[in-house]
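Asker: Just dropping this structure here.
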Amino acid sequence: YAYTLEKRDTKEKVDSQVIIDMCVRCHSYAKTALQRRTPEDWTKLANMHSGVLPMWLYQLQDVLDWDETLAACLTELSKRFPLETPEWKQWVSSRPKAGEGKWVVAGYQAGKGAYGGEIELKKTGDAFYSYAGTVEFESGEKQPIGGKATLYGGYAWRASGTLAGKPIREVFHISMDGSTFTGVRFDDPHFELRGVETRTFAGSSPRILSVMPKALKAGTKDATVTVVGTGLSKEVSLGDGVNVKKVVSATPTKVVVTVDVADKAAAGYRAAKAGSAAGGNLFAVYSAVDYIKVVPSPAMSRTGGLGYAVKQLVQFDAMSFSKGADGAAGTGDDIEIGRVPAAWKVVELASSNEDHDVEFVGTIDANGLFTPGNEGPNPKRAMQENNMGDVWVTASWAGPGGGTLFARGYLLATIPLYVQRPVQ
């Protein structure tokens with residue numbers, strides 16, 4: 001349920017009707033599911049709702065037997081989310097600490113692509129850390145990163161810092177063995193501009209975190225490939241049909257090689273290896289780019305910018321794919337190749353007559369960054385409507401083999417989120 005802490009738009013799936021009736025109709029399921037309480041504490045929480053929100057009984061008027069439904073909900077919550085669990089007891093008994101020293105970074109940021117890097121972690125207090133390092137995008141761009149963090153409960157990393165001089169925040173969670181953090185770092189205040197990231201202690205077991213680029217076309221010659229991980233050696237293997245011609249540079253956390261891909265190399269994912277370090281489905285060979293997708297879709301932006309709320313932007317990517325061995329698009333063997341430099345447009349989606357949403361909802365730049373309009377009534381719109389609406393975001397890309405590929409995604413431009421709750 002970390003998606004609510006990481007501020008990821010998510011369509012929740014809840015498999016308990018009584019929790020839907022009593023909890024989810026007012027707030028996210030994650031807000032409930034992130035809590036751990038004794039049965040007595042869950043009862044107190046329900047009583048708190050009755051005291052602070054006395055009208056909630058009437059808002060839940062479709063619940064005919066209040067006492068019976070509330071009791072069933074409390075029983076379900078106590079069963080699903082107890083204070084003590086075997087996993088928690090195991091964690092408390094071991095409670096590994098985040099090691100000081102070098103950590104390896106691997107991630108992906110929409111609008112920029114994959115990246116790797118290193119940070120140096122220093123302990124400044126019982127649960128406090130400072131860190132500094134550099135991340136390098138697959139384009140070759142390097143950016144300094146650094147900040148200060150608190151490790152709550154020994155596993156929940158919350159940090160404030162800078163990336164390339166701009167403020168960021170971080171939400172990570174540590175693995176059971178204390179060797180890996182997974183989570184996001186996002187721009188402050190634009191949480192929607194983010195890197196989805198893994199950080200692994202450099203002294204942990206050999207492991208490949210990423211391969212950049214993650215796919216090459218059969219017949220490609222003299223391609224530069226970067227392998228990021230821990231315990232790496234210069235003996236790199238990317239599967240049959242991929243010949244490593246030269247080792248450009250090699251460290252235990254990063255190996256850069258030059259490769260040739262055979263004309264008849266089999267399409268598909270293969271295991272990547274660098275000595276004893278390995279990683280599955282991190283690299284693929286493909287035969288052709290067959291289609292592209294607009295990601296994310298559906299997407300949501302929020303108006304703002306007049307001093308009352310920050311605009312919520314959307315960074316789109318045009319992701320290219322190969323159909324895979326079965327020759328059909330959208331099946332399990334399709335190969336995700338990576339982002340392509342598409343041409344972007346916002347196109348009308350006619351949900352009502354003469355709404356002209358595309359003229360008011362916002363603009364998209366050459367890199368796929370959508371910026372919504374200002375909040376509040378717009379005198380230029382019929383009935384002074386707000387700058388809201390739903391539109392198509394389209395991407396077109398002229399591939400090297402000739403022809404142009406098209407894709408579109410759905411975008412809802414909606415109102416600001418004026419009420420920022422503590423979990424946000």
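Asker: I'd like the Karplus ³J(HN,Hα) series for the stretch 202-213: coefficients 6.51, -1.76, 1.60, θ = phi - 60°, whole numbers in Hz, and an x wherever there's a Gly or Pro.
Answerer: 4, x, 7, 4, x, 6, 8, 8, 7, 10, 10, x
Asker: Report, by chain and number, residues whose modeled amide H sits under 5 Å from the one on V248, excluding near sequence neighbours (fewer than 5 apart, same chain).
Answerer: V256, V257, T258
Asker: Right, next: For the pair K122 and S175, how long in nm is the line joining their label points, each one 7 Å along Cα→Cβ?
Answerer: In this crude label model, K122 to S175 measures out at 2.7 nm.
Asker: How much length is gained on full extension from L83 to Y1, taking 0.36 nm per residue of separation minus their Cα-Cα distance? Mind dumping the intermediate values first?
Answerer: On the way: separation 82, 0.36 × 82 = 29.52 nm, distance 1.64 nm.
Here the answer is 27.9 nm.
Asker: Now, a different point. R36 to L369: FRET efficiency via 1/(1 + (r/R0)^6), r the Cβ-Cβ distance, R0 41 Å, to the nearest 0.05? Don't skip to the end; give the middle numbers.
Answerer: Values: r = 39 Å, r/R0 = 0.95.
Efficiency at R0 = 41 Å is approximately 0.60.
Asker: Test of understanding: ordering Y131, Y418 by Cβ neighbours within 10 Å, fewest first, what list do you get?
Answerer: Numbers: Y131 19, Y418 10.
In order of increasing Cβ crowding within 10 Å: Y418, Y131.
Asker: Compute the signed sum of charges (Lys and Arg +1, Asp and Glu -1) over the other residues within less than 13 Å, Cβ to Cβ, of L77.
Answerer: Around L77, the charge tally is +2.
Asker: Oh, and also: Let me have the relative contact order for the chain, percent, based on Cα pairs under 8 Å that are six or more residues apart. Intermediate values should be presented prior to the final figure.
Answerer: Working: 979 pairs, mean separation 42.4, N = 424.
So the answer I get is 10 percent.
Asker: What pairs from K122/K142; K123/K234; K246/K293; K102/K273 go past 26 Å between their alpha carbons?
Answerer: Working: K122/K142 22 Å; K123/K234 32 Å; K246/K293 34 Å; K102/K273 22 Å.
K123/K234; K246/K293, as the Cα separations exceed 26 Å there.
Asker: Can you run phi through the Karplus equation (6.51, -1.76, 1.60; θ = phi - 60°) for the stretch 289-300 and list ³J(HN,Hα) in whole Hz, with x for Gly and Pro?
Answerer: So the J values, rounded to whole Hz, are 7, 9, 7, 10, 10, 8, 10, x, 7, x, 10, 9.
Asker: Now for a different question. Rounded, prolate or oblate, given the Cα gyration tensor of the chain, with a/c below 1.5 counting as rounded?
Answerer: On the way: a/c = 1.86, a/b = 1.24, b/c = 1.51.
Here the chain falls in the oblate category.
Asker: Does anything in the stretch 1-44 have its amide N under 16 Å from the 7 Å Cα→Cβ label point of M300, and if so which residues?
Answerer: 3-14, 24-31
Asker: Let me ask something else. Please compare each pair in K11/K380; K7/K148; K112/K323; K97/K148; K13/K311; K217/K245 to a cut-off of 22 Å on the Cα-Cα distance and tell me which ones are over it.
Answerer: On the way: K11/K380 34 Å; K7/K148 20 Å; K112/K323 24 Å; K97/K148 17 Å; K13/K311 28 Å; K217/K245 17 Å.
With Cα atoms farther than 22 Å apart: K11/K380; K112/K323; K13/K311.
Asker: Could you check the spin-label model distance between K102 and C26? Points 7 Å from the Cα along Cα→Cβ, value in nm.
Answerer: Each label point lies 7 Å from its Cα, and together they span 5.2 nm.
Asker: How big is the dipole moment of the stretch 150-203 about its Cα centre under a simple scheme where the beta carbon of each Lys and Arg is +1, that of each Asp and Glu is -1, and everything else is neutral? Debye, nearest 20, please.
Answerer: Working: 6 positive and 6 negative charges, 16 e Å.
Dipole magnitude for the stretch 150-203 comes out near 80 debye.
Asker: Same structure again: Measure out, as a whole number of angstrom, how far apart the alpha-carbon centroids of the stretch 191-234 and the stretch 291-344 sit.
Answerer: Answer, in whole Å: 21.
Asker: Further question: Of K254, K148, how do they rank once you tally other Cβ atoms within 10 Å and put the fewest first? Intermediate results must be reported in sequence, preceding the final value.
Answerer: On the way: K254 18, K148 13.
With the sparsest Cβ surroundings first, the list reads K148, K254.
Asker: Still on this model: Compare the Cα positions of T404, N387, L417 along the charge dipole of the stretch 308-424 (+1 at Cβ of Lys, Arg; -1 at Cβ of Asp, Glu; about the Cα centre) and return the one farthest towards the positive end.
Answerer: Selected residue: L417.
Asker: Rounded to the nearest 20 Debye, what is the dipole magnitude of the chain about its Cα centre when Lys and Arg each give +1 and Asp and Glu each give -1 at the C-beta? It would help to have the intermediate numbers written out before the result.
Answerer: Values: 47 positive and 47 negative charges, 310 e Å.
Dipole of the chain, to the nearest 20 debye: 1500 debye.
Bear in mind that the values in this text are calculations on the coordinates, not laboratory data. None of the values given here were measured: they were computed from a predicted structure. Ideal geometry is used to build each Cβ from the backbone, glycine not excepted, and the neighbour counts take in all protein chains shown.
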